[in-house]
Amino acid sequence: MPAMPRRMDSQIPVVVQMHVECARCGHTEDDTYEFDMPFAKSQPMEDYAPGKCPECGSPVQVYLKRTQQRQ
């Protein structure tokens, strides 16, 4: 019997890595988050998002990389 296809509304674990580096004050952050999200929205991606440095308030680019965690 063939494997059952994954339901589009089922949850799948994903890992998001975030890196922030402020050119003004030198503050850096590297965090990893793991959470479940709907399979239909869980595709791997890389992106940059605007943010503010938590130390000096300077505008920064936040680097995000999302991967599906293998089960």
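Nothing in this text is a laboratory measurement; each read-out follows from the coordinates by a stated rule. As the structure is a prediction and not an experimental result, all values here were calculated from the model. Positions of Cβ are backbone-derived with ideal geometry, glycine not excepted, and every protein chain shown enters the neighbour counts.
Quick look at the numbers
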quantity: Chain lengthening between L64 and M18 when straightened (0.36 nm per residue, less Cα-Cα); calculated: 16.1 nm
quantity: Which of G57, S42, G26, positive extreme of dipole for segment 14-71 (C-beta unit charges); calculated: S42
quantity: Gain on full stretching of the segment that runs from T28 to A40 - 0.36 nm per residue minus C-alpha separation; calculated: 1.1 nm
quantity: Interatomic Cα distance distribution for segment 29-71, bins of 5 angstrom, percent; calculated: 5, 16, 25, 21, 14, 10, 6, 2, 0
